[in-house]
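Here is the structure we will look at.
The values are calculated or read from the model by the stated rules, or taken from the named source; none is laboratory data. All values reported here derive from a predicted model rather than from experimental measurement. Heads up, the Cβs are rebuilt from the backbone with ideal geometry, glycines too, and the neighbour counts pull from every protein chain shown.
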Amino acid sequence: MTATDPRWQSRETTRTVQRLTRLAVRVAGARRSHLLSEWGAVLTGAADENRTAQPSRHVILALGFLHAALRMRAHDIFYSAWHPIDWLLVSAIRTNSFIATAVGIQGIYITVHSGLYGLVVEVWEPCGLLGASLFALTRWLRRIRGIELARSGHEAE
């Protein structure tokens, strides 16, 4: 068999697809080792449906598996980054304290660099913008994360 023989190219494509699929399963992580058999079944099903045996379709599927595995791994990594943010968002007191602290630090910074005059004249606009932006950001994050604050007894009436 030579490199121009279609059987040789088919075997090389099959090996490439198998390697890509195994790599995708390794990237997805040990918790998802079952994906090797599932993705193998998809590839086998694709071979059954596609009677003309287009090797490029299998390579595209295997690259899709690799892309999905990378997204799964990224989700695993970044999911833990939400824990401190969620901790902050579930409590109105913590959220308001955070916003007040950020605005206060900005006010102190402006006062240190511009003096008392800077506090009276310049601090209101940037501090107001920061406070409003952080307030809007926390409301938006609560909505996309599905966090609802418990109503107090006064608000429930």
What's the total number of residues in the range 26-35 that are farther than 14 Å from Leu61 by Cβ and either in contact with a strand residue (DSSP E or B) (Cβ under 7 Å, 6 or more places away or on another chain) or among the hydrophobic types (A, V, I, L, M, F, W, C) (or both)?
3
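What helices (runs of 4 or more DSSP H) completely inside the range 1-90 contain at least 2 residues that are at pLDDT 80 or above and within 30 Å of Arg142 (Cα to Cα)? Walk me through how you get there before you give the answer.
Numbers: elements: 6-28, 35-49, 55-79, 82-89.
Result: 55-79, 82-89.
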Residues of the range 128-146 classified as more than 27 Å from Ile105 (Cα to Cα) and either modelled with pLDDT under 85 or surrounded by 12 or more Cβ atoms within 10 Å (Cβ to Cβ) (or both), total:
1
Please identify the pairs in which a residue from the range 62-87 that is free of Cβ contacts under 8 Å to residues at least 12 places away in the same chain has its Cβ atom under 8 Å from the Cβ atom of a residue that is loosely packed, with under 14 Cβ neighbours inside 10 Å and not hydroxyl-bearing (Ser, Thr, Tyr), counting only partners at least 6 apart or on another chain.
Trp87/Arg94
Mind listing just one residue for me: the one in the range 97-127 that is under 30 Å from Arg151 (Cα atoms) and surrounded by 13 or more Cβ atoms within 10 Å (Cβ to Cβ) and, of those, farthest from the chain's Cα centre (by Cα)?
Cys127
